[in-house]
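These notes concern the structure reproduced below.
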Amino acid sequence: MHLVFRYLDRADSWLHRLEAWCLSGGILLMALNTVANVFGRYLFSHSLYFSEELNQILMVVVTFMGLGYVTRKGRHIRMSAFYDMLSDRHKKLLMLLITLSTALTLFLLSYYACLYVAKVAQRGIITAALQIPMYWTLLVVPLGLFVSGVQYTLAFAKNLQSRDIYLSFSALDIYDESHSSEGVSS
């Protein structure tokens, strides 16, 4: 069993590098593209004709690759009022249900996104400014959904193996008391 988790840890590490590279690269390129467009507009009176389209593509990359990243860090939005009232045993069972059902849903969405990307590829649609195949810009959607599904699968496996409750493969479900009393006067 420890061998399996060692391989899962390696997979998790590889996915972390992929996500970090896509996120940091995408945000950096958006910033550089925007600055270059501003300089072009104000110094040379001409905007970069592809700037808006490139930023839209990069926003899709950052959004869908960000899914796996926030899942890995346990930073996704949670509605936890009901969950917080449960005993640890019931929290564990609910977390297993949440991670498994979310993983399956994300894998299904990834499958449908692949079908959609294939239809776009068949139609031969190209982007207006950059003149690149539209499906290239959409490939990150099924990839991001799939990576996030893998992250939830890893969280499910970790919760099966551990006595503790994990939000992700590496993030424990720990309630931070320092945030609960903010704004409350004694």
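Given the criteria touching a strand residue (DSSP E or B) at 6+ places or on another chain (Cβ under 9 Å) and in a helix (DSSP H, G or I), does residue 35 qualify?
Values: touching a strand residue (DSSP E or B) at 6+ places or on another chain (Cβ under 9 Å): no; in a helix (DSSP H, G or I): yes.
Against the criterion (touching a strand residue (DSSP E or B) at 6+ places or on another chain (Cβ under 9 Å) and in a helix (DSSP H, G or I)), residue 35 does not qualify.
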Return the pairs, sorted by first residue and then second, in which the second residue is of a type outside the set (D, E, K, R) and outside any helix (DSSP H, G or I), the first residue lies in segment 40-60 and is more than 9 Å from residue 129 (Cβ to Cβ), the beta carbons are less than 6 Å apart, and the residues are 6+ apart or on different chains. 40/46; 40/47; 40/48; 41/47
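Anything in segment 129-140 that is surrounded by fewer than 20 Cβ atoms within 10 Å (Cβ to Cβ) and either closer than 23 Å to residue 173 by Cα or of a type in the set (A, V, I, L, M) (or both)? List them, or say none.
Filtering segment 129-140 for residues surrounded by fewer than 20 Cβ atoms within 10 Å (Cβ to Cβ) gives 129-136, 139.
Listed by number, the residues that qualify are 129, 130, 132, 134, 139.
In this structure, is residue 153 modelled with pLDDT under 95, among the hydroxyl-bearing types (Ser, Thr, Tyr) and surrounded by 15 or more Cβ atoms within 10 Å (Cβ to Cβ)? Break it down stepwise before answering.
Values: modelled with pLDDT under 95: yes; among the hydroxyl-bearing types (Ser, Thr, Tyr): yes; surrounded by 15 or more Cβ atoms within 10 Å (Cβ to Cβ): yes.
Yes: the conditions hold for residue 153.
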Conditions (1) assigned to a loop (DSSP other than H, G, I, E, B); (2) free of Cβ contacts under 8 Å to residues at least 40 places away in the same chain; (3) surrounded by 12 or more Cβ atoms within 10 Å (Cβ to Cβ); number of the one not met by residue 29: (1)
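Being touching a residue at least 24 places away in the same chain (Cβ under 8 Å), farther than 27 Å from residue 165 by Cα and either of a type in the set (D, E, K, R) or out of contact with any helix residue (DSSP H, G or I) (no Cβ under 9 Å at 6 or more places or on another chain) (or both): is that true of residue 111 here? Let's see the steps before the verdict.
On the way: touching a residue at least 24 places away in the same chain (Cβ under 8 Å): yes; farther than 27 Å from residue 165 by Cα: yes; either of a type in the set (D, E, K, R) or out of contact with any helix residue (DSSP H, G or I) (no Cβ under 9 Å at 6 or more places or on another chain) (or both): no.
No, not satisfied.
When segment 47-103 is examined, which residues are found to be farther than 18 Å from residue 168 by Cα and part of a loop (DSSP other than H, G, I, E, B)? Step through it out loud before you land on a result.
Here is the first cut: in segment 47-103, the ones farther than 18 Å from residue 168 by Cα are 47-63, 81-82, 85-87.
Those that are farther than 18 Å from residue 168 by Cα and part of a loop (DSSP other than H, G, I, E, B): 47, 48, 49, 50, 86, 87.
Could you please let me know if residue 19 is under 25 Å from residue 110 (Cβ atoms), touching a residue at least 12 places away in the same chain (Cβ under 8 Å), among the charged types (D, E, K, R) and surrounded by 14 or more Cβ atoms within 10 Å (Cβ to Cβ)?
Against the criterion (under 25 Å from residue 110 (Cβ atoms), touching a residue at least 12 places away in the same chain (Cβ under 8 Å), among the charged types (D, E, K, R) and surrounded by 14 or more Cβ atoms within 10 Å (Cβ to Cβ)), residue 19 qualifies.
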Unique residue being surrounded by fewer than 17 Cβ atoms within 10 Å (Cβ to Cβ) and at pLDDT below 95 when the list is 49, 69: 49
Looking at the structure I just gave you, is residue 116 on the phi < 0 side of the Ramachandran plot, assigned to a helix (DSSP H, G or I), surrounded by 12 or more Cβ atoms within 10 Å (Cβ to Cβ) and hydroxyl-bearing (Ser, Thr, Tyr)? yes
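The values are calculated or read from the model by the stated rules, or taken from the named source; none is laboratory data. From a predicted model like this one, the values you see are computed outputs, not experimental measurements. Don't worry about glycine lacking a Cβ; one is built from the backbone with ideal geometry, like all the others, and counts go over all protein chains shown.
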